[in-house]
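One structure is given here, and the rest of the page talks about it.
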Amino acid sequence: MRRKYSYAQINFNRIFIHLNLHKWTILFFDFLTLVGVLDMSLYGMKVMSEGLQKVAGNKLRSILSVMTTNRFTGVLTGILITALIQSSSATTVIVVSFVNAGFLTLAQSISVIMGANVGTTVTAWIISLFSFKVDISIFSLPLIGLCTPLIFSGKSRRKSWGEFLMGFAFLFMGLSYLKASVPDLQINPQILSFLQDYTTMGHPSLLIFLLLGSVLTVIVQSSSATVAITLIMCTKGWIPFEMAAAMVLGENIGTTITANIAAIPANISARRAAVAHLMFNIFDVCWVLALFYPFTSMISWIVTNYGPGDPNEMTQFLSTLSPETISLITSGADLTDPHLLALQKQLLSLQVSVSYGLSLFHTVFNITNVCIMIWFVKFYVYVCSALIKPKNVNDEEEFQLKYIPSGMLSTSELSLMQAKKEIAVFGERTQHMFGMVKDLFYEKNEDNFLKIYSRIEKYENISDRMEIEIANYLTFVAEGRLSSEGKEEIRIMLRTVTEIESIADSCNNLARGIRRRNEGKSVFTDEQNHNVDQMFALVEKSLTRMNEILHMSEVVHDDINQSYNIENEINNYRNQLKNHNIEDVNTKKYHYQDGVYYMDIVGESEKLGDYVLNVVQAIIEKKI
């Protein structure tokens, strides 16, 4: 039997469905608004970070080198950079990329990352000091108006400064809108109401909110933005102060994910830097969890006695008010009721207390960690090196100057000695590179061939950077007070560095020649292979002699005789092979194209020998 509904019932059902759809539409709109203002903050951080990097330009490496001469200056560097770009995730990604490029050592990167953890607390203090007292967004639009002409400037440096200021303005605007856009849990209890169900479980609650903070930071990809969200949630009364502090701890773990993702395709040193960041933050969170309640009680006592008030009273205060009262005192409208005005003033005071409490917790927590862990940088380097081991010995070879300091220059005499030692290391690298060329010549496995070829290309890039770094260092030394003999010494060392880099170029050209041979499906005869082996042996002999001379403390003119003899052997052998090649092609021992590949390798080997002799001549004939 079909059930009959009255017209009034049907009409009521329609109104009920309409109201529910309207309510959920508003909730969805609020959610999109929250996402929008969060994206505005993140976009501001991104633009500000990119603008800062563009402003620094090529000087960034030099700046970092000087600022990370020891662990303490490294920490200060991390604090400064993160405070400027408002993202510890961005700082750690930059650090990992610099380690990957060889601009920073693992130890230097760890100290900078430690500083980044302290620098990221600046965001919370910006909100605490300004957001609940003044509308910081009123400064954003004038700042945008100020930087817009810079962005459209024809000069790239002005444009970069404009981007930096624009990002800063968007960041402030986003933080301001974030406070206003978070929906009120008392009025819309279905929004994140599940959070309140897990705030009274003791230590399990801490772990739940720690996990929530980690996941939220992984999603947002910015601990600064997540800390801002946590502050808003706590000042809205969604979660108590202690659970907000647990979320802050989780955000310290979540922020490490960005650097570890960035390090996946990077070299072994960069991966170690990312793992060091993860280890550092996990260890810090573990000891704070063990002392969580005493630690948070200490923070509450400090804020209560020396700050605006007790941050734990916010939840209790809001629980005593009705949703209508909360709506009135938070609406921003002009109130005339003295009772409501008193409640509004009390709410504002408690919001400031909560924000100060969380900011202080975040800052004290990170500063304490750095003060403890800064003495264990070498231990972190040791552990990370033990955890992430190279697949083979060659994976350890990354660009890093060994003897030339990155900070202040030493005395002139010591600076020249350091440069000589670095040039000797440079010579050893090129000989090792030539050894890879010899391995490449006979490698038949395609995968292994590509690995060796990639390593040779990598060494070529390393050689380019070493040449620039050593040359820049020598230029700085030359600007000091030097004798005429010292300046002549620097001139010869600059020539030596250039010739050694040419050796690396020649090795790279040999690798390309071998690759062209393989791509052309050319197969050398046994005689050709034997001749190339002989040529390679002579070149190896000349490189060995060159490195012996580079390591000599005192040289005499007769030391050059052996190098001259080897070079004559190389030249004579090249001429002999060149003549035989014409005969062998005419007698059809091998194809003409095979002869082209063959003579390319022989000719490049002879050029390499010339560069080696140039190095020896520069050292001995000028009696360095």
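Quick one: net charge around L210, please, counting Lys, Arg +1 and Asp, Glu -1 for every other residue with C-beta under 13 Å from its C-beta.
Here the count lands on -3.
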Can you work out D for region 454-596 in µm² s⁻¹ from Stokes-Einstein, where Rh is the Kirkwood radius over C-alpha pairs, the temperature is 10 °C and the viscosity is 1.306 mPa s?
87
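How big is the C-alpha Rg of region 481-538 next to the rule-of-thumb value 2.2 N^0.38 Å, as a ratio?
On the way: Rg = 19.1 Å, N = 58, 2.2 N^0.38 = 10.3 Å.
Rounded to two decimals, the normalised Rg is 1.86.
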For H339 and F29 in one chain, what is 0.36 nm times their gap in residues minus the Cα-Cα distance, to one decimal in nm?
108.3 nm
Gain on full stretching of the segment that runs from Y442 to V383 - 0.36 nm per residue minus C-alpha separation
17.4 nm
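Every read-out reported here was derived from the displayed coordinates using simple, explicitly stated rules and does not represent laboratory data. Note that the coordinates shown come from a computational prediction; the quantities given were computed from them, not determined experimentally. Quick reminder, even Gly has a Cβ in these numbers, built from the backbone with ideal geometry, and neighbours come from all protein chains shown.
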